[in-house]
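FYI, it's all coordinate maths here, none of it is from the lab. Quantities reported herein were computed from a predicted structural model and do not represent experimental measurements. Backbone-built Cβ (ideal geometry, glycine too); neighbour counts: all protein chains shown.
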Amino acid sequence: MNSVSYKVAELFILYILIPISLVLDTSIWIKLILGVLGFIYVIYILLRVQNNTFKISKTLNWSAFWKRTSLTLFAIIMVTIPFVFFTQKDLLFEVLLNNFKLWILILFVYSVFSVYPQELIFRTFFFQRYESLFKDRRLLIFVNAIVFSLAHLFFRNALVMVITFIGGLLFGLTFFKTRSTLLVSIEHAIYGSWLFTVGMGNMLGFPASDF
């Protein structure tokens, strides 16, 4: 399971073949089964092969993390508010203003049940399994961003692909520097929650305000 050929085949199946298959016109149950089996496999490898204990490091540099995340979030805010205002003004802060309870619910569900599993798959597992395949860390992070974007191919939305690619670069860099699933999950949750809050939720698969 740790040979180069096995890892290359594994990477291709998990991060290219399965995402592409989700775009095909097949039963939703087949897609769900593929997704669940893929996630179970990832957890198994992390526990049994990579010997991951999922412990929170006591040496995390929280100060540096919050400084970088805050600056990045500020940049995202400065770009996304004008973008939504000039493209779909009626969606600007729509859920926050019209359905506050839904806003709270979605942020909680998204942060706990969506973000963390994504980071286990696309950062923790990916970096632990495949970092040895890449001699250049920049290429490693770039490929990680590509496969993260590819995982959102089923949205069939070019803007989503661009956003998730940029997000993949940010999250990949954070994980490479910190080696912390917790920190990269917090960062992912913050940026994703902002995009939903500002009014870009529809394109990212969040429920509408009249849900």
- Task: Arrange the following residues from fewest to most other Cβ atoms within 10 Å of their Cβ: ILE56, ILE18, ILE163.
- Result: ILE56, ILE18, ILE163
- Item | Summed residue charge, Cβ within 15 Å of PHE165's Cβ, Lys/Arg positive, Asp/Glu negative | +2
- Message: I'm spelling it out carefully: the read-out is volume of the Cα convex hull per residue in Å³, the candidates are [x] 125; [y] 154; [z] 136, and one was derived from this structure. Which label?
- Response: [z]
- Query: Once the Cα atoms of helix 137-150 and of the chain are each reduced to a long axis, what angle between those two axes, in degrees from 0 to 90 to the nearest 10, is obtained?
  - Reply: 60
- Message: Counting other beta carbons within 10 Å of each residue's own, what order do THR87, THR181, THR72 fall into, fewest first?
- Response: THR87, THR72, THR181
- For the chain, find the longest principal axis of its Cα atoms and tell me its angle to the long axis of helix 62-87, 0 to 90°, nearest 10. 50
- Between segment 82-153 and segment 26-78, what is the C-alpha centre distance in whole Å? 10
- Note on the structure: Relative contact order in percent for segment 4-204 (Cα pairs under 8 Å, 6+ apart) equals 31
- Query: Taking Cα atoms, how many degrees apart are the long axis of helix 158-178 and the longest axis of the chain, rounded to 10 and kept between 0 and 90?
  - Reply: 60
